[in-house]
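Below is one structure, written out as structure tokens; the observations come after it.
The values are calculated or read from the model by the stated rules, or taken from the named source; none is laboratory data. Bear in mind that the values here come from a model prediction, so they are computed numbers and not experimental data. Cβ placement follows ideal geometry from the backbone for every residue including glycine, while neighbour counts extend to all protein chains displayed. Side chains included, ligands, DNA and RNA excluded: accessible areas come from the protein's heavy atoms. Shrake-Rupley method; radii C 1.70, N 1.55, O 1.52, S 1.80 Å.
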Amino acid sequence: MPGAGATGNDAPVTQHHESPDQESTGPVPASPPGAGIRPSPARIALVAGGLAVALVLALRGVGFASQGTGELRIPAAGSTTVLRVVVFAALAVHLGELAGARYVPPGRMPRSWSLGAAAGGALASAAQIAAPAGAGRLDLATAYSSREGALLLITADAFLVAAGCVWFKRPGLAVAPLAVAVVAEALRAHPESYTPLLGSALTVVHLTAASLWTGGLLYVLRVMHLRRDTPSGARAALARYAPLAVWPVVALAATGTVSSLRRLPLDVIVTTAYGRVLIAKLLLFAFVCALAVTARIRLRRGRTPDTPARAELALLALVVVVSAILTVVPDPHWLSTR
């Protein structure tokens, strides 16, 4: 996954560098055909297996977490979770690429994935309301005229505008529509009557930080793969990223803690789907932080920490799936005795 989309070895870079908002296809000479190292069958099988596990987890996660809780069944929970994963991944790829293009050292840059990410986010946002409607809960006209439907349409339109910014070679302008998408998603995820604005504000910070951490690491690993023939250049890319990644981690920990305390009553931590999924997310977060520390230690010792960094990205991708499940499971307050 970290090396996907990067083809070709390092090549001399011309003296005039592009601005961070520009694509890297102009001033950098194209790599000769066949110059890239093809992924090994073992790596392809590993990635395919990981994707299959993530898909099964997204489709079955809500039902598995809800077993024995007595909570109501969520219509189209599996398909809705998959679509949420796509939206979160689209935000991570696009925001991570925008940020990464500014903090990696000058040199050969990977091809942009922003256009595909924005298009996928738009389709997934528009399809989210159609999933429960298709399950028989609402007709499409009623679904799209609801509060949730309106916010999902805003999110889809924001992704389309972001895609237009990339298409017309103004990728930096996509920050504004992506911010609208984050806010709309935060408002949609917190329809509760108790302090909804606080919950939405926490989600805005949390989702932005998660996108910058996950997407930024993905982009940096793609840069490292592209510059793998010069280990010092690969290490320099991660060294520039590492200090900046501390702030998203701190923001995630802080907002996640506050959100958990306000949304999850202590007496139903292990007896609700929300509590069980949250525990799984916290455990994954701890493992990711451990891998991040390991990668930074190897970096300080002058070694290229590609293996722990790739494992960190893989677990972050799993955290994205678990986070999507967390947005679909029922609100745990109705089971609380307090």
Self-check item: Pairs where the first residue, in region 66-83, is touching a residue at least 40 places away in the same chain (Cβ under 8 Å) and within 20 Å of Val320 (Cβ to Cβ) and the second is open to solvent by 30 Å² or more (accessible area, probe 1.4 Å) and in a loop (DSSP other than H, G, I, E, B), C-beta under 7 Å, 6+ apart
Solution: Ala76/Ala135
Quiz item: Do we find that Pro243 is under 23 Å from Ala150 (Cβ atoms) and more than 18 Å from the chain's Cα centre (by Cα) in this structure?
Solution: no
Exercise. Within region 162-176, identify whether any single residue is farther than 11 Å from Ala126 by Cα, open to solvent by less than 50 Å² (accessible area, probe 1.4 Å), in a helix (DSSP H, G or I) and free of Cβ contacts under 8 Å to residues at least 12 places away in the same chain, and answer yes or no.
Key: yes
Practice problem: Return the total of residues in region 87-110 being in a helix (DSSP H, G or I) and surrounded by 20 or more Cβ atoms within 10 Å (Cβ to Cβ). | Solution: 15
Practice problem: Evaluate the following for Thr307: is it of a type in the set (Ser, Thr, Tyr) and surrounded by fewer than 15 Cβ atoms within 10 Å (Cβ to Cβ)? | Solution: yes
Exercise. Working carefully through the options Ala239, Ala210, Ala201, find the one that is hydrophobic (A, V, I, L, M, F, W, C), over 30 Å from Ser259 (Cα atoms) and open to solvent by 10 Å² or more (accessible area, probe 1.4 Å).
Key: Ala239
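Based on this model, can you work out whether Ser323 counts as within 20 Å of Val93 (Cβ to Cβ) and in a helix (DSSP H, G or I)? Before the answer, list the steps.
Details: within 20 Å of Val93 (Cβ to Cβ): yes; in a helix (DSSP H, G or I): yes.
So Ser323 fits the description; yes.
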Quiz item: Residues of region 268-278 being in a helix (DSSP H, G or I) and either open to solvent by 20 Å² or more (accessible area, probe 1.4 Å) or under 15 Å from Val322 (Cβ atoms) (or both), which ones?
Solution: Ala273, Tyr274, Gly275, Arg276, Val277, Leu278
Practice problem: Read through the list (1) within 16 Å of the chain's Cα centre (by Cα); (2) open to solvent by 30 Å² or more (accessible area, probe 1.4 Å); (3) touching a residue at least 60 places away in the same chain (Cβ under 8 Å), then give the number of the only condition that Glu312 fails. | Solution: (2)
Practice problem: Output the number of residues of region 228-249 satisfying the condition of being part of a helix (DSSP H, G or I), closer than 21 Å to Gly302 by Cβ and touching a residue at least 24 places away in the same chain (Cβ under 8 Å). | Solution: 13
Quiz item: What number of residues within region 239-265 are small (Gly, Ala, Ser) and either closer than 29 Å to Val329 by Cα or modelled with pLDDT of 85 or more (or both)?
Solution: 6
Quiz item: Do we have any residue at all in region 191-198 that's of a type outside the set (D, E, K, R), without any contact (Cβ under 8 Å) to a residue 40 or more places away in the chain, under 30 Å from Leu261 (Cα atoms) and part of a helix (DSSP H, G or I)?
Solution: yes
Exercise. Consider only pairs whose beta carbons are under 6 Å apart and that are at least six residues apart or on different chains; among these, list those whose first residue lies in region 43-60 and is closer than 22 Å to Thr80 by Cα and whose second residue is assigned to a helix (DSSP H, G or I) and not aliphatic (A, V, I, L, M).
Key: Ala58/Thr81; Leu59/Gly78
Self-check item: Pick from region 111-121, criterion surrounded by 24 or more Cβ atoms within 10 Å (Cβ to Cβ) and of a type outside the set (S, T, N, Q), ranking: nearest to Gly215 (Cα to Cα)
Solution: Ala117
Practice problem: Answer yes or no: is there a residue in region 250-267 that is charged (D, E, K, R), in a helix (DSSP H, G or I) and within 14 Å of Ala309 (Cβ to Cβ). | Solution: no
Exercise. Check Thr304, Thr294, Thr272 and return the single one that is among the polar types (S, T, N, Q) and either touching a Leu at 6+ places or on another chain (Cβ under 6 Å) or at pLDDT 90 or above (or both).
Key: Thr272
Self-check item: region 255-294: number of residues that are over 21 Å from Ser200 (Cα atoms) and not hydrophobic (A, V, I, L, M, F, W, C)
Solution: 5
